[in-house]
Every structure is written in structure tokens, then in C-alpha cells.
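See structure below.
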Amino acid sequence: MAIKALRGMKDILPPISKKYIAFIQKASHIAQNYSHEYIEPPLLEETVLFRRSVGESSDIVGKEMYQFIDKGGNDVCLRPEGTAGVVRSFIEHKLDRQGGVHRFYYYGPMFRYERPQKGRLREFHQFGVESFGEASVYEDASIILLAKEILDSFHICYELKINSLGCPQCLPSYRKKLIDFLSSKEDICEDCKKRRETNPIRVLDCKNAHCQEIYVNAPKLLEHLCDECNRDFSQLQEILQSEGVAFTIDENLVRGLDYYTKTAFEFVSSDLGAQNAVAGGGRYDNLVEFLGGRPTPAVGFAIGIERVLELIQLDENKREGFYFGVMIAEAIESAFSLTIKKRKQEKVYFEPKPKSLKAHLKAADKQKARYACIIGEEEYQNGTVWIKDLEQKSEKVVTFEEFMGIQ
Ligand code: HAM
């Protein structure tokens with residue numbers, strides 16, 4: 001039987017791969033404009049890294065890890081997300097002791113053993129950014145604006161949702177109140193009953209309609225924030241407003257990973273169906289210390305690249321580069337050598353088989369080339385190239401030297 005890719009894992013082939021590369025290039029450029037530098041941690045890490053950071057009670061760690069014991073007896077897993085590895089690297093390379101601000105971006109595959117469906121894969125790709133060492137709420141705003149700018153540059157429609165998840169000052173007393181509220185609710189779903197024991201705040205984003213009816217009366221986290229969290233959350237809203245960024249406050253936005261404090265946000269798109277989160281992130285001021293580093297405030301996000309690619313329309317009809325072909329075998333050498341020179345500046349598709357003009361024009365059109373460049377009998381004798389501009393529909397004959405100058 002033919003061997004196929006595993007369930008929930010997809011090959012990225014043309015023409016999608018073209019969008020993938022275009023996305024990575026533009027997103028990297030924008031991240032660099034925001035002072036982020038590239039980092040590439042390994043795909044495989046010790047399982048305990050994710051247990052401690054993403055959290056035992058999260059679905060990602062509890063149910064979805066690609067975990068195994070390697071030949072050396074180490075308990076390892078394929079990374080389900082990017083933040084934990086970047087934090088591990090940040091601490092391991094003692095950047096926490098250097099002080100100052102360190103900003104990174106990364107992209108690549110993540111692995112979660114989820115039930116595959118539209119927009120939900122077992123191997124998917126993220127573009128993520130992380131910022132360490134800056135506690136100012138302007139950094140939260142910068143991070144949100146960075147995500148927004150990437151999505152805007154591809155004309156993606158979305159809604160931005162924000163929330164504050166509090167801090168160790170205010171969260172524990174809220175948790176207690178929420179647990180009291182939940183303790184008498186026996187008709188909540190089985191998942192919520194489990195979460196009530198392990199991570200009660202996560203009940204708030206339960207998708208079950210009956211549970212949501214019950215939680216309308218639950219104590220509200222935003223009403224229990226301490227002064228600092230309140231002040232930061234108000235200031236964040238002011239900054240976003242003054243930058244003209246539209247957002248809604250979603251009190252049920254709790255995120256599926258345990259490390260968040262204060263700001264949490266998601267960009268969702270109604271064009272995507274059930275898996276509507278395009279990007280998510282927030283502040284995680286305690287994680288560096290929790291994993292053994294010096295206390296360091298941090299904030300970041302990750303964009304789901306497959307979900308973004310669903311929403312990106314590249315101009316399919318855009319013509320670019322050159323198509324080079326010959327009508328007689330004797331001309332191949334000159335055509336090939338011109339192609340190699342031209343490729344130092346431009347994309348050139350080379351056709352080594354002599355063909356009729358009609359066949360070449362058809363092939364050049366299929367390649368979406370801007371220029372079809374052909375050497376026939378006459379051009380060969382005169383040392384020239386016949387060129388058709390397939391966009392302007394004009395044609396001319398040029399010398400080899402003139403050909404090199406065409407852009
Ligand atoms: P996350 O919300 O778990 O956050 O994932 C970020 C994005 O990855 C989601 O919004 C979604 O677009 C995409 N995604 C997640 N799971 C899948 C899947 N199974 N199939 C396809 N796409 C998926 C994080 O991973 C955090 N590390 C983000 C972060 C960085 N927070 C702070 N810094």
C-alpha cells in the first residue's frame with residue numbers, strides 16, 4: 001500500500017508554499033522593524049519543560065503531546081508550542097543575568113496530537129515573537145501592534161479580543177471565589193468538572209452553551225483585579241485606542257496555556273469556521289523565574305501560519321521574470337549562457353528543448369513569466385533575442401547586451 005503522510009500532517013506544496021514563504025519573509029521583516037531578532041530552538045525538548053510551563057492541566061500537555069523515551073532513556077517530546085523553548089534557551093544562555101531587553105522571533109512546526117479538523121492539524125506552523133525584560137505596558141501594546149501589522153500587511157480581516165488574567169496578587173483570591181461559585185454547580189459538563197479541580201479559570205472558555213448560561217453569573221475576573229493590573233489594563237486600552245486599534249474586551253478569554261499573567265489577547269477571524277483564532281498571546285511575567293531564571297517580565301504571541309494562509313489571497317495573475325527558449329538546437333548554448341547571467345538579477349525559466357514559437361509562448365504563459373525570450377533561426381544568425389512582454393503585449397528584437405539590461 002502507498003505510504004501517506006500521517007493524519008493531521010500536511011505537505012506544503014506549490015502554490016501554497018509560495019504563500020508560506022511570502023508570509024515568513026514579510027512577517028520576519030516586520031518583526032525586525034520592531035527590534036526582534038531571529039532565534040531557532042530545537043524541535044525536540046525535555047518533556048518536563050512543557051509540563052512545567054504550559055501546565056499539566058492544559059489539554060496541550062495533558063492530552064496532546066508527541067512524547068517518547070529516546071534511545072538514551074530521556075523523556076522527550078516534539079514541541080507543542082514555541083514559547084517554552086525560547087524561555088529555556090534565554091535562561092540556559094544566561095541572558096536573564098545580562099539584564100536589558102531581549103526580543104526574538106521564530107517560525108516553524110509545532111506538534112499537538114489533537115483531533116484533526118478544518119484549521120486544526122497535528123503538525124502546524126507558527127510565527128511567534130517573544131520579548132523579555134520589559135514590564136511597561138507599552139511593550140504589550142507593541143507586541144499587539146506587531147501582530148496586527150503582520151495581519152494587516154496581508155489584508156486579513158479579524159477581530160482583536162483582549163483580557164487581563166491578573167497576577168499572583170489578585171488571581172488567587174479570585175480563584176477561590178470562582179471555586180466557591182462552581183462547587184454547587186453539578187450540571188456543568190464533565191470537562192468543566194475536571195477543570196474545576198485542576199484549573200478552574202479555564203471553565204470560562206468552555207464551548208458548551210449550557211455551561212456558558214451558568215457562568216453568566218460567575219464572579220468576574222476583571223472586577224477582582226488588583227490596582228496595578230487594573231491600571232495596566234486601562235492604560236493598554238488607552239494606547240490601543242490612541243493608535244486607532246479596534247478591540248473588544250472578552251472576559252472569557254483565558255487562553256489554553258497556564259503561563260499567562262495580566263494581558264491576554266487573540267485575533268479571531270469569522271472567515272475561518274470553528275477554529276477561528278489566527279493568533280494568540282499575552283504576558284507571562286512569572287515563567288522565566290518559574291523555570292529557574294532571574295525574575296524577568298515577558299510578553300509574546302504566535303500566529304497560526306496555516307490559518308493565515310487560508311485567508312491570504314496572493315495575486316495569482318501576477319507575471320514575473322523571464323522565460324527563455326530556442327527554436328533551433330544550435331542556439332541552446334547562447335540561450336543557456338544568457339540565462340545563467342540573467343539569473344544573477346532575475347528569475348529565469350529555461351527551456352532546453354527547441355520548440356515552435358507558439359509552443360514557447362504557451363509555456364511562458366503557463367509559467368506566468370513577464371517576458372518570453374526566444375532565439376530562432378534569424379536571431380541566431382544576427383546575435384539577437386526576440387522578446388515579447390506578455391503583460392504589455394508588445395514585442396521587440398534586442399542584442400544580447402540590451403537583453404541583460406531589461407528588468
Ligand atoms: P496558542 O494560542 O496555543 O498560543 O497558538 C497560537 C496559534 O497557533 C493559534 O491562534 C492558532 O492560530 C495556531 N494553532 C494552535 N493550534 C493549532 C492546530 N492544532 N492547528 C493549526 N493551528 C493551530 C501559543 O502557542 C503560545 N506559545 C503563543 C505565545 C507566544 N504566547 C506568548 N508568546
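Before moving on, here are some points about what is shown:
- Heavy-atom accessible surface of the chain, averaged per residue, reaches 51 Å², computed with a 1.4 Å probe.
- Anisotropy class of the range 107-178 from Cα gyration tensor, a/c 1.5 cut: oblate
- When restricted to Cα atoms, the range 322-404 yields an Rg and a Dmax of 11.2, 30 Å, respectively.
- Each DSSP beta bridge with both residues in the range 322-404 is either parallel or antiparallel, and the antiparallel ones are about 55%.
- Ranked by how many other beta carbons lie within 10 Å on average, peptides 206-216, 325-335, 385-395 from highest: 325-335, 385-395, 206-216
- Across Lys366/Lys396; Lys4/Lys318; Lys342/Lys362, pairs whose alpha-carbon gap is larger than 30 Å: Lys4/Lys318
- MRE, 222 nm, helices only [DSSP H, n ≥ 4, -39500 (n - 2.57), over the chain, to nearest 500]: -10500 deg cm²/dmol
- Max mean-square fluctuation residue, GNM over the chain, Cα-Cα springs under 10 Å, options Arg103, Arg122, Arg370: Arg370
- Ordering of 78-91, 160-173 by packing [mean C-beta count within 10 Å, highest first]: 78-91, 160-173
- Counted over the chain, the DSSP beta bridges are approximately 80% antiparallel.
- If only the Cβ of Lys and Arg carry +1 and only the Cβ of Asp and Glu carry -1, the dipole of the range 93-245 around its Cα centre is close to 700 debye.
- Under 19 Å of direct C-alpha separation, and excluding same-chain neighbours fewer than eight residues apart, Lys368 reaches these aspartates and glutamates: Asp315, Glu316, Glu320, Glu346, Glu351, Asp389, Glu391, Glu395.
- Geometric descriptor of the range 268-361, per residue, is 216 Å³ (volume of the convex hull of the Cα atoms).
- Taking all Cα pairs closer than 8 Å and separated by 6 or more residues, the relative contact order of the chain comes to 15 percent.
- Share of carbon and sulfur in the accessible heavy-atom surface of the range 1-107 [1.4 Å probe, %]: 54
- Portion, in percent, of the accessible area of the range 258-399 that falls on carbon or sulfur, probe 1.4 Å: 48
- Nonlocal Lys pairs with alpha-carbon distance under 14 Å, the range 145-210 (8 or more apart, or different chains): 5
- Counting only residues at least eight positions apart within a chain, or on another chain, the lysines with an alpha carbon under 26 Å from that of Lys94 are Lys262.
- Tail fraction, Cα-Cα pairs, the chain, threshold 39 Å, whole percent: 35
The values are calculated or read from the model by the stated rules, or taken from the named source; none is laboratory data. What you see is a predicted model, and the numbers here were worked out from it, not measured in a lab. Glycine also receives a Cβ, built like all others from the backbone with ideal geometry; neighbour counts cover every protein chain displayed. These area figures cover heavy atoms from the full protein model, side chains too; ligands, DNA and RNA do not enter into them. Shrake-Rupley method; radii C 1.70, N 1.55, O 1.52, S 1.80 Å.
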